[in-house]
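**Q** Structure in structure tokens, see below.
The values are calculated or read from the model by the stated rules, or taken from the named source; none is laboratory data. Every value quoted in this text rests on a predicted model; they were computed, and no experiment measured them. Cβ placement follows ideal geometry from the backbone for every residue including glycine, while neighbour counts extend to all protein chains displayed.
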Amino acid sequence: MSRDNPFQDLTWWVQKKRDWLFFGAIDPSLGKNNRHRDPSAILIGGYDRETQVLDVVEASIRRRLPDVIIADAIALQRDYACQLWFVESVQFQELLRTDLMKAAARAGLAMPCVPIVPLADKALRIERLQPPVHAGLIRFNAAHKVLVDQLQQWPDADHDDGPDCLEMLWSNAVAKAASALTANTFRTAPGSSRSASAFGGAGSISGPASGRFGGYRL
């Protein structure tokens with residue numbers, strides 16, 4: 001563990017909740033040179049609006065090509081039916097976001113992917129995780145070793161794609177679930193009959209995404 005690490009004490013979740021709202025986040029980390037490509041991060045969080053706690057339920061962090069990122073994300077969408085996905089869309093990463101939605105549609109899935117353009121410095125974004133992590137508002141699973149290691153070795157870790165993706169997930173999930181939408185907007189679990197009228201139907205978005213949340217431009 002890094003000496004100056006702000007994430008020494010993590011809170012763990014152990015039991016799944018039926019009323020989680022699922023959100024996903026993707027940091028594609030697309031490099032031009034495959035040998036020096038950073039790991040891509042795909043995270044899914046289950047958000048509890050009563051307690052404002054986000055539990056990290058999936059954390060897939062590894063090197064992979066764009067078509068594998070798309071395949072992995074679609075597989076997770078089948079399992080969790082996330083209300084929204086937040087996808088870092090700097091420069092050519094935007095192409096992956098649109099390709100992902102098209103591939104999901106061909107597979108018969110609605111997969112709304114909101115483009116996220118970071119505004120703040122990466123180190124500052126990761127530091128902003130410390131208060132909610134310390135307060136137990138973000139909880140982890142011990143099985144997600146890569147994410148936990150990257151957090152607890154930051155800022156000296158070789159890679160920080162997991163923590164950066166987590167901050168994107170936390171900031172935008174809280175903003176969407178807590179301040180923008182009402183209780184009957186979401187389905188609470190895959191297969192639920194609840195409507196998603198604010199997005200023009202379950203799992204879809206009506207109109208372009210806009211505005212800023214938590215140091216990101218939507």
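**Q** Just to verify a result, which residue in segment 109-130, among those that are out of contact with any Leu (no Cβ under 9 Å at 6 or more places or on another chain) and assigned to a loop (DSSP other than H, G, I, E, B), is nearest to Q150 (Cα to Cα)?
**A** This residue is R128.
**Q** Sticking with this structure for a sec: From L100, L84, L65, which residue is surrounded by fewer than 24 Cβ atoms within 10 Å (Cβ to Cβ), hydrophobic (A, V, I, L, M, F, W, C) and touching a strand residue (DSSP E or B) at 6+ places or on another chain (Cβ under 8 Å)?
**A** Going through L100, L84, L65 in turn, the sole match is L100.
**Q** So in segment 80-108, with the set limited to residues that are part of a loop (DSSP other than H, G, I, E, B), without any contact (Cβ under 8 Å) to a residue 60 or more places away in the chain and aliphatic (A, V, I, L, M), which one is nearest to G46 (Cα to Cα)?
**A** A107
**Q** Condition check: surrounded by 22 or more Cβ atoms within 10 Å (Cβ to Cβ), of a type in the set (D, E, K, R) and touching a residue at least 24 places away in the same chain (Cβ under 8 Å). Does D27 satisfy that?
**A** Criteria met by D27.
**Q** Within segment 133-170, count every residue that is under 10 Å from A59 (Cβ atoms) and of a type outside the set (A, V, I, L, M).
**A** So the count comes out to 7.
**Q** Another question about this same structure. Taking the conditions exactly as written (polar (S, T, N, Q), within 19 Å of V53 (Cβ to Cβ) and at pLDDT 90 or above), does S171 satisfy them or not?
**A** yes
**Q** Return the residue satisfying two criteria in turn: it lies in segment 1-39 and is modelled with pLDDT under 95 and polar (S, T, N, Q), and of such residues it is farthest from D156 (Cα to Cα).
**A** Ranking the qualifying residues of segment 1-39, first place goes to Q15.
**Q** Just checking, does segment 59-73 include any residue being among the aliphatic types (A, V, I, L, M), in a helix (DSSP H, G or I) and under 12 Å from the mean Cα position of the chain (by Cα)?
**A** Yes: segment 59-73 contains one or more residues that are among the aliphatic types (A, V, I, L, M), in a helix (DSSP H, G or I) and under 12 Å from the mean Cα position of the chain (by Cα).
**Q** Here is a further query. Could you check segment 92-142 and list, in sequence order, the residues that are closer than 20 Å to D27 by Cα, small (G, A, S) and modelled with pLDDT under 95?
**A** Selection gives A120, A123.
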